[in-house]
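Values quoted throughout were computed directly from the atomic coordinates according to the rules given, and no laboratory measurement underlies them. Predicted, not measured: the structure shown is a model, and the values here were computed from it. Reconstructed Cβ throughout: ideal geometry from the backbone, glycine too, with neighbour counts over all protein chains shown.
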């Protein structure tokens with residue numbers, strides 16, 4: 001949901017999988033770093049998890065994803081496609097699925113628009129995860145189709161799981177027909193944006209995960225002065241957390257204003 005380091009290869013750790021260190025102890029002063037440079041190095045306190053996804057109106061999609069991840073589920077898992085507007089939580093759930101599937105050390109195929117020249121499907125992969133398919137170029141679409149087909153009909157072994165996300169329902173995707181039709185072949189769920197109360201709950205939940213105390217006035221300021229898109233809010237929260245760490249100050253509206261003026 002927030003801005004994270006890009007993976008360096010198709011099967012590498014997806015964006016946001018690296019955790020920020022040093023949350024358990026006292027805050028120590030760090031050398032001054034220009035804020036614009038600082039923004040490039042922002043991570044999140046913990047990897048995304050299913051438990052930290054605030055479902056709101058997306059309860060059915062979340063329940064199905066939990067069943068899809070169940071290692072004792074169907075022997076031939078049906079592909080799952082999640083779609084919705086930016087900020088609806090698609091990438092959070094995809095990264096959370098990655099973390100859950102990787103818990104036993106199994107290799108996973110990961111493809112998002114930042115991954116160029118992705119490799120062919122690896123027979124050792126236990127699942128294939130495709131993020132933001134609506135942004136794939138021709139080469140990525142070809143490779144995604146290759147992964148999809150080989151995951152569901154491997155030369156050896158059992159079919160693998162396939163989970164994909166996009167901004168549109170399958171029928172409206174501007175993709176090659178064979179890939180588009182396969183994305184719509186399995187279970188399809190739309191993710192809906194959260195309402196005002198849910199956004200507040202998510203901000204507080206994510207702040208708690210980072211060890212930040214957010215007062216009502218800070219939450220009001222963030223929601224009234226910035227984009228209410230959850231991705232943007234999480235990026236702002238990450239930035240504010242890092243700035244507060246370096247400033248050795250509690251998170252307040254004055255601190256938030258100083259951060260904005262310093263940029």
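Worth pointing out:
- Residue 64-residue 185 FRET efficiency (beta carbon distance; Förster radius 22 Å; 0.05 resolution): 0.90
- Computed from Cα atoms alone, the Kirkwood hydrodynamic radius reported for region 144-249 is 17.3 Å.
- Over all directions, the projected convex hull of the C-alpha atoms in region 56-191 averages 7.7 nm² in area.
- With the simple spin-label model, which puts each label point 7 Å out from Cα in the Cβ direction, the residue 213 to residue 149 separation comes to 5.9 nm.
- Sorting the segments 185-196, 79-90, 214-225 by their residues' average number of neighbouring beta-carbon atoms within 10 angstrom, most packed first, yields 79-90, 185-196, 214-225.
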